[in-house]
Amino acid sequence: MISKTKSGAVNGRDFGDNDNDPMDKDSHGTHVAGTIAGANGIGLDTNVEIMPLKVERSDGNIYVSDIIAAMDYAVKNKAAIVNLSLITPFKSQEMKKTIDKAKNVLFIAAAGNNGGNNDKEAGGTNVNLMTPLYPASFDSPNIISVANLKQNGFLEESSNYGKTSVDLAAPGTNIYSTLPNGKYGYKTGTSMAAPQVTGIAALLEGKYTSDSAVQIKSRILKNVHKLSALNGKMTTGGLLDAYKAFSPDTLTSDRYYYIRSVGSGLYMNVKGNSSKENTALWQSGMNGKAGEQWKIVKNSNGSVYLQSRLGKVLQLKNNSKNPNTVLQINKKNTKNNAQQFYLSKIANGRYSIESWKKQTNVAGVSGNTKASKSAILAKRNQESLSEQWEFKPVAIQSGKTYNLISKKSGKALEISSTSKLAGAKLYQNTSKNSISQQFILKKDSKGIQIVSKANPKYALEIAGNKMAKRTKLSMQTQKNTKGQHFTFKFQSDGSVTIAALSSTKYGLDVKGASTKNKTAIQLYSLKNLDNQKWFLIPR
């Protein structure tokens, strides 16, 4: 048993023979310790403080009471991480209680080496064949269960596994590490795989010092490298991936995102843009509405809530963990884990959205179809493109092309003539994504210019930069003037108001709040009206 302490070195102890000499008699513990912290390129984190706690008695037996005593000792002496390269077939509630009580300690346990399924009871009275094995099979939130992966990407035949009881795999076959008396050698087993995870956990704990044990666990589990050979064999279906675990999380809680299906190219959307509870999700094209925009709200246990700009959060229908469960929105309830999800990095900015309640279920498009209005479900993970998602920030990107759609009428801002842009007026018209309805939003130190896509030499201008009701707008040769600069402010419904730089009291307005085609766009005092709000549609 190995611990990384948070404050000062602590002497080891032999709990098997009840003395202060934890020296390893069979090289097992020395090999494990070397994988975690050995010098000469052997260990993963040479800055840890090792607390060797021996539980094997001189006769070779291991007793649950000795394991519990050693765990208690580690916790009382402020261990941050405890490696458990040991197993027992006995399900001790006292041992589980010790783990559960130590909420700020991360326990990393070997899954076992009898080749069995820890999800099932088997083996009868044959201790060598019994499953499940503990402490790895406890469902405590602060424990990680580790299987042994061979170099060819398949589980070692002797390694235990379990779709719900084992978390991930790590290299554990022919591992080169330290032996007693200054020697080195190879060993195989889940006891060798577990310290691979412990070493990475120690490095993460040193980098993310404010993270809890559960958050460190989450960083490891949600950033595994998925392998088809592990699918259905453990909760993550993946291999320990240190690079991904340390990769900066580019998704933040301070903005909204459009969530795009890699498989279909369509977007996760609340059906009908409705804010009613229990409204289901489907995929659709981007319309810039609130039901398409999602905020990531991080939870203390490493999971996240996906909160729609409509105010509700993503949830499993009826709190079900069954495959093909409908995803819907509901009022946020911090006690409901059916609202909690993992965002697991895949590659190239893609994520899977895994259910916290059942991590083998992920958000995916029903039937893997590309059809608009297809339902989005919590499906059994098949690693298809319809289960992969890209998060696109809801933000104005300088140099990008947009349509500006009136919230009131659903019609697009349009230039009256692109053949003669100088002095061309602006009105609303049926949205067709024509060149006359395409605008480049160009940011600079003053604000944002609204530039014609047809000819970027022309920009929207307030006549005389006059701050008054009904001031005319037109396209003019692009100049670095205040009259051609605007400020965009996002609203709670996902739309924006477009205010004059010189006075944010005035902004773009559809004249008379009309819904008719070719109604003029003017400058008017902003009053939070729908005919003054615009949805930005990237093109």
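Every number here is computed from the coordinates shown, using simple stated rules; none is lab data. For clarity, every value in this text was computed on a predicted model and none was experimentally measured. Virtual Cβ from ideal backbone geometry, glycine too; neighbours counted across all protein chains shown.
Summary of computed values
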| quantity | calculated |
| --- | --- |
| Of the DSSP H helices in the chain, those whose Cα atoms cover at least 20 Å axially and whose Kyte score averages -0.5 or more | 190-207 |
| Sequence-distant residues sharing a close amide H with residue 356 (under 5 Å, placed H) | 340, 341, 342 |
| Once the Cα gyration tensor of the chain is diagonalised, semi-axes √(5λ) in Å | 59, 23, 19 |
| Cα pair distances of the range 360-424 binned at 5 Å [whole percent] | 3, 13, 13, 11, 13, 13, 12, 8, 6, 4, 3, 1 |
| Proxy reagent accessibility, fewest Cβ within 10 Å first, across 71, 467 | 467, 71 |
| Under 14 Å, Cβ to Cβ, from residue 453 - net charge with Lys/Arg +1 and Asp/Glu -1 | +4 |
| Charge context of residue 528, other residues only, Cβ under 15 angstrom, K/R +1, D/E -1 | +3 |
| Charge dipole (debye, nearest 20) of the range 334-427; +1 at Cβ of Lys and Arg, -1 at Cβ of Asp and Glu | 320 |
| Gyration tensor (Cα) of the range 400-538, equivalent ellipsoid semi-axes in angstrom | 18, 18, 15 |
| Farthest positive-ward along the range 45-134 dipole, Cα basis, beta-carbon charges - from 112, 55, 98 | 98 |
| Listed peptides 206-215, 152-161, 170-179 by packing density, highest first (mean Cβ within 10 Å) | 170-179, 152-161, 206-215 |
| Separation between Cα centres of the range 507-521 and the range 387-409, rounded to whole Å | 22 |
| Selection from 169, 269, 538 lying farthest towards where the dipole of the chain points positive, charges on Cβ | 538 |
| Among 416-424, 452-460, the order from most to least packed when residues are scored by Cβ within 10 Å on average | 452-460, 416-424 |
| Pairwise centroid distance, computed over Cα atoms, of the range 218-246 with the range 428-457, Å | 44 |
| Placed amide H near residue 257: partners under 5 Å, 5+ positions off or other chain | 294, 295, 394 |
| Ordering of 11-23, 495-507 by burial proxy (mean other Cβ atoms within 10 Å per residue, highest first) | 495-507, 11-23 |
| Shape category assigned to the range 151-223 from the gyration tensor of Cα positions, a/c cut at 1.5 | oblate |
| Test item: Cα-centred dipole of the chain, Lys/Arg +1 and Asp/Glu -1 on Cβ, debye | 4720 |
